[in-house]
Amino acid sequence: MSWKLLATVAAAMVAAAAPPADARTGDTPLERLLHDDRATVLVASHRACWKKAPENSIDGIRVCIADGIDMVEIDLRTTRDGALVLMHDETVDRTTDGHGAVADLTLAELRRMRLRDHGGGPAEALTDRRIPTFAEALTAARGRVLVNIDVKAAALDRIIDAVVAQRATRAVVLNVPIAVDPAIMRRARRLGIATQPVYLQRQSPISAAIALRRAAALQPTAIQLIFDDPAILDDARPAAANVRLFVNTMGSDIETGRPMNLAGPFLDSRAVGDPGAVWGVLIGKGVTIIQTDEPWRLKAWLHAKGLRR
């Protein structure tokens, strides 16, 4: 399919999309795109625009907002005293001037630590920024950017409680395992929270077709696909016809530089030189949320191709 035709088809789908019966009049434009639209491609920034600010930071969320990025990804862990905080790694060593596991430290102890800039590590400068709580992140994002919640070590019920408390039920995407407790899904649907089962191809003991049908049966907003074989994209579309497909194109781990192996050949490193061969192919296969370390490039390319206004 040519890019001109793809742009025309996508625009027509967006124009024809009627909001469902449960659409909420108070939703922001981005919330309407997430909940009421299955065609418009959304740009998600890995670890909240970490290339321009400390990863998983309030500054990173604000940078994404200022740059018009649709969605920020944040990673959640639980402190020793039960607070939900933003931290990707099990320990604070890489991204702060502190040491130890998040689960062994109190919130007060974490608050005394300073975040390192960008992706952290000893070569990155210390900033005067602190580790944010989940509530602070939702407050910073409220009404201006969607939040993709990557659950590293936190109870789903507690996360939902916090989302409700911050009046952010329509603004988040909650990642869940395909084998999630059905009661969690029922509660999330009742509250209007978008859910996203994660299908990890290399760890699945069942066939892709069965796993994807199970994921779609949960009635989620999206399904996240992590795969080695691109053929999974052809399996996913019919299995999840009314669900958004979410793919990560980040290529290398921020800490080690080793391949992350999240989406086969569809890598940011290739997209920089040939976005059509990566982001374009994914969109042609029905992917409508792309998470990347290059959200600015993806956004500009979507605009240039007429896929976003």
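The values are calculated or read from the model by the stated rules, or taken from the named source; none is laboratory data. These numbers were taken from a predicted model, which means no experiment stands behind them. Virtual Cβ from ideal backbone geometry, glycine too; neighbours counted across all protein chains shown. Heavy atoms of the whole protein, side chains included, go into the accessibility calculation; ligands, DNA and RNA do not. Shrake-Rupley method; radii C 1.70, N 1.55, O 1.52, S 1.80 Å.
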Wholly within segment 137-228, which helices (runs of 4 or more DSSP H) include no fewer than the required count, namely at least 2 residues that are over 24 Å from Gly68 (Cβ atoms), among the aromatic types (Phe, Trp, Tyr) and open to solvent by less than 20 Å² (accessible area, probe 1.4 Å)?
none
Filter segment 254-293 down to residues that are of a type in the set (D, E, K, R), free of Cβ contacts under 8 Å to residues at least 40 places away in the same chain and not in a helix (DSSP H, G or I) and give me whichever is surrounded by the most Cβ atoms within 10 Å (Cβ to Cβ).
Asp274
Count of segment 47-85 residues which are part of a strand (DSSP E or B) and either acidic (Asp, Glu) or over 14 Å from the mean Cα position of the chain (by Cα) (or both)
6
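Starting from residues that are among the acidic types (Asp, Glu) and open to solvent by less than 50 Å² (accessible area, probe 1.4 Å), keep the ones in segment 77-121 and report whichever is nearest to Glu55 (Cα to Cα).
It comes out as Asp117.
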Here is a list of conditions, (1) in a helix (DSSP H, G or I); (2) free of Cβ contacts under 8 Å to residues at least 24 places away in the same chain; (3) over 22 Å from Met71 (Cα atoms), and Ala236 meets all of them except one; can you say which number that is?
(2)
Pairing a residue in segment 27-40 that is buried (at least 17 other Cβ atoms within 10 Å of the Cβ) with any residue that is polar (S, T, N, Q), where Cβ atoms lie under 7 Å and the two sit 6 or more apart in sequence or on different chains, gives Leu33/Thr40; Leu34/Thr221; His35/Thr221; Arg38/Asn242; Arg38/Thr288; Ala39/Thr288; Thr40/Thr288
